[in-house]
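This report concerns only the one structure given below.
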Amino acid sequence: MDEIQYKCPNCNADLRFNPKKQGFSCEFCDSFFTVEECKSANEQRLEEEKQQAPAHAEFAEENRLFVCQSCGAELITDSQTAATECVYCHNPVILNGRLSGEYRPAKIIPFKISHEQAIETFNQWCDKRKFLPKDFQTERQLTHLQGVYVPFWVADCHVHGRMQAECHQIRRWTSGNTEYKQVKEFSVFREAELDFEGIPADGQSKVPDDLMEAIEPFDYRETVSFEMAYLSGFLSDKYDVNKAQVFPRVRNRAVNGSDQMLRSSMTGYDSVRVTDSTMNILRTKWQYMLLPVWFMSYLYEGKQYHFAINGQTGKQAGTPPLNQKKLSLLCSGIAVGVTLLGLLGGFLL
Ligand SMILES: [Zn+2]
Ligand SMILES: [Zn+2]
């Protein structure tokens, strides 16, 4: 028998044969699949791959892969756009062939914020900050502001949730001199089938997660099917975190959401104590998607600073570098002011 490595149809992790149950268990998402289920899921996957083959071949033909010799970033663009420097560290990038078709994104949210608008947003952001280093807001620095499509995994999944709880209704009343308290105890059980759509998790470890979260949300209603032409003039980034790796983040969000939903359905009680809850995530469908971000990095006194603008909504975020010299001048200015005031106070007294 040929040895086939089955992938979990739910989270894409490698499945292991479980001799006790005579089927395949997934350690990542606690799913269990019979041999038949694995076979049909595998066939379905092969069928989908076959259907996508022409689009994948076109992608493999038309993309160009650039690699940063310094930080190892792998950047993609179309055959018309040339990349010269790395988005993350500004070192030169070199052409390194093409990316295979499996990296073709399924969906994309195209840029809506133009380069001019991004520069304006950046300048306004700088104007509000006083202690920036001198060369931070120069023409040269502005050339580092680049449009990047950041890779994202977006998951739709189905949750089968069960929750058991002990609930109480308490009634108090007084009759004459006697106070009464009535406690009714209920054993409550909830079972639900829940569908989640569009749970995002970014697939790029070089972009700081908190920076990406700070420029959320993206409006997924404006998602369109990926076309190579969208990459023209922009760079994209090859994902370096795969589905199985982001699955725990997706699972947390889906489980927490289901948990809240079931709890909120237990109304009409004065107290609710959950005694047991199981949430099984099933039928996770993944889409590999590109989201538009204007991105700038800046190396100042050995530290990298990042600035980002949501390329769809214009929302910006980042940590500005502080010029220590300017800052210490201001600090001594404050100290002088305080001393003078003290003297003045003394004098007036
Ligand atoms: Zn799994
Ligand atoms: Zn680099």
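The values are calculated or read from the model by the stated rules, or taken from the named source; none is laboratory data. None of the values given here were measured: they were computed from a predicted structure. All Cβ positions, glycine included, derive from the backbone under ideal geometry; neighbour counts span all protein chains shown.
Just need a number here: residues in the range 1-24 that are outside any loop (DSSP other than H, G, I, E, B), more than 11 Å from ligand 1 (Cβ to nearest atom) and closer than 24 Å to M279 by Cβ. Lay out the reasoning, then the answer.
Here is the first cut: in the range 1-24, the residues outside any loop (DSSP other than H, G, I, E, B) are 7, 14, 16-18, 23-24.
Still in the list and also more than 11 Å from ligand 1 (Cβ to nearest atom): 17-18, 23.
Now drop any that are not closer than 24 Å to M279 by Cβ, which leaves 18, 23.
Final tally of qualifying residues: 2.
Among (1) touching a Pro at 6+ places or on another chain (Cβ under 8 Å); (2) within 16 Å of ligand 1 (Cβ to nearest atom), where does N42 come up short?
(1)
Taking the stated definitions as given, is V246 closer than 21 Å to Y220 by Cα and at pLDDT below 90? Before you say what the answer is, go through the steps one by one.
On the way: closer than 21 Å to Y220 by Cα: yes; at pLDDT below 90: yes.
So V246 passes the test.
Report yes if some residue within the range 57-71 is touching a residue at least 40 places away in the same chain (Cβ under 8 Å), more than 28 Å from S297 (Cβ to Cβ) and over 27 Å from the mean Cα position of the chain (by Cα); otherwise report no.
yes
Can you confirm whether W153 is away from ligand 2 (no atom under 16 Å from the Cβ), touching a strand residue (DSSP E or B) at 6+ places or on another chain (Cβ under 7 Å), hydrophobic (A, V, I, L, M, F, W, C) and under 22 Å from Q304 (Cβ atoms)? Quick ask: steps written out before the conclusion?
Values: away from ligand 2 (no atom under 16 Å from the Cβ): yes; touching a strand residue (DSSP E or B) at 6+ places or on another chain (Cβ under 7 Å): yes; hydrophobic (A, V, I, L, M, F, W, C): yes; under 22 Å from Q304 (Cβ atoms): no.
Answer is no for this residue.
All but one of (1) over 18 Å from L65 (Cα atoms); (2) among the β-branched types (V, I, T); (3) within 16 Å of ligand 2 (Cβ to nearest atom) hold for I119, so report the exception by its number.
The single condition I119 does not satisfy is (3).
Just checking, does the range 201-214 include any residue being of a type in the set (D, E) and farther than 30 Å from E74 by Cβ?
We begin by selecting, within the range 201-214, every residue of a type in the set (D, E); these are 202, 209-210, 213.
From what's left, farther than 30 Å from E74 by Cβ: none.
Checked against the condition, which is being of a type in the set (D, E) and farther than 30 Å from E74 by Cβ, the range 201-214 yields no hits at all.
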